[in-house]
1. Going by Cα centres, region 51-82 and region 186-258 are how many Å apart?
2. When the Cα atoms of the chain are enclosed in a convex hull and the volume is divided per residue, what value in Å³ results?
3. Using a 1.4 Å probe, what is the accessible area per residue for region 198-245, in Å²?
4. So who's got an amide H within less than 5 Å of the one on LEU213, skipping anything under 5 residues away but keeping other chains? H placed 1.01 Å off N, in plane.
5. Could you give each residue of region 51-67 its phi-based ³J(HN,Hα) in whole Hz, using Karplus coefficients 6.51, -1.76, 1.60 with θ = phi - 60°, and x for Gly or Pro?
6. Output ³J(HN,Hα) for region 99-109: one whole-Hz value per residue in order, computed from phi by the Karplus curve 6.51 cos²θ - 1.76 cosθ + 1.60 with θ = phi - 60°, and x for Gly and Pro.
7. State, to one decimal in nm, how far the label point of VAL209 lies from the label point of ARG74, with both points 7 Å from Cα in the Cβ direction.
8. With every protein chain kept in the model, how would you rank VAL229, VAL165 by accessible area, 1.4 Å probe, largest at the top?
Amino acid sequence: MSLPTPRTPSPSRARVYGGLVLGVVAVSWAAPLIRFAEAPSLAISAWRLTFASVPLLLLALLRGRAELAALNARTWGWLVLSGLALALHFATWIASLQYTTVASSVALVTTTPVWVMLFAWMSLSERVGPRGLGAIGLCLAGSVLIGARDFALGGQSLWGDMLAVLGAILAAAYFVIGRRVREAMSLGTYVGVVYSVAAVALMVTHAFVDSPLTGFTPRTWWVLVGLAVVPQLIGHSMLNASVRHLSAPFVSVAALGEPVLATLWAVLLLSETPDQVQLLGGGMALVGVVLMAREEALQKPPPPDMVPAAD
């Protein structure tokens, strides 16, 4: 007679919520750290993904060899497309921080979940109810308000806002593709492959553009490693782990602490104080994401260990 398989004890609520808080705090450091890196935005994107993808790919090769061997050409095509979307997300969003404020950039890129809903409606035929449509409208209104404010001030801020919105759209594409592919793959294998594809794509891009990959100060190299370790490996790992014990909509709403904290770090460390228009526009966008999360709870849930956050 076979013995029953021992059950793994569930973590305490304090540990679960503590991990969620740690994840939100960790990802909130992405934008300030990028500002401290004295390197071109494309190089920051390439090295951040390269440093993060190495341990993730090794884990995927060790634990997911059977999964990788079973993938067909169509699935590999989706994985490559997802990696390219992720690479473009980082390239555009990190570039936005060179033109606009941390407050504007993080508020706009945080609209990713709303674009996920829109793409899921278009490509996966997922129904969008009145609350979802209201969420999309509110996020767009907040984004337009921030863009109009920066356009009125002149300079390059509006270009940075547009790059941040494009980064949110590309992150949404990465997540929607993940919904399709993740039905047959574990999160670790998926992330290991996709991050590696994105890193290679950004590295190869440097062969065709006039942007240095080396020659940076020691402080910048430490910042680049910190970007890979803190917001990427620690932050997103904690958020994905939280979704195993908490609902994805709840974690998505909790992740809205990221733009709030990022703006706070920018005030304290970069002397960037948002004005009333930025606060209003950002607030409208965040409320839209909250409404979207509630709508998401009524629809087909995403993969059980993946949240729409990529910055």
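The values are calculated or read from the model by the stated rules, or taken from the named source; none is laboratory data. Source: prediction; values computed, not measured. Note that each Cβ is placed from the backbone with ideal geometry, even for glycine, and that neighbours are counted across all protein chains shown. The area values use the complete protein model at the heavy-atom level, side chains included, leaving out ligands, DNA and RNA. Shrake-Rupley method; radii C 1.70, N 1.55, O 1.52, S 1.80 Å.
1. That distance is 16 Å.
2. Numbers: hull volume 48.4 nm³, N = 311.
Spelled out: Cα convex hull of the chain, divided by residues, is 155 Å³.
3. Numbers: 2470 Å² over 48 residues.
Value returned for region 198-245: 51 Å² of accessible area per residue.
4. none
5. Working through the residues one at a time gives 4, 6, 6, 4, x, 5, 5, 4, 5, 5, 5, 6, 9, x, 4, 5, 4 Hz.
6. Ordered by residue, 3J(HN,Hα) equals 10, 10, 6, 4, 4, 5, 5, 6, 5, 6, 6 Hz.
7. Between VAL209 and ARG74, the label points sit 3.4 nm apart.
8. Details: VAL229 60, VAL165 35 Å².
Descending accessible area places them as VAL229, VAL165.
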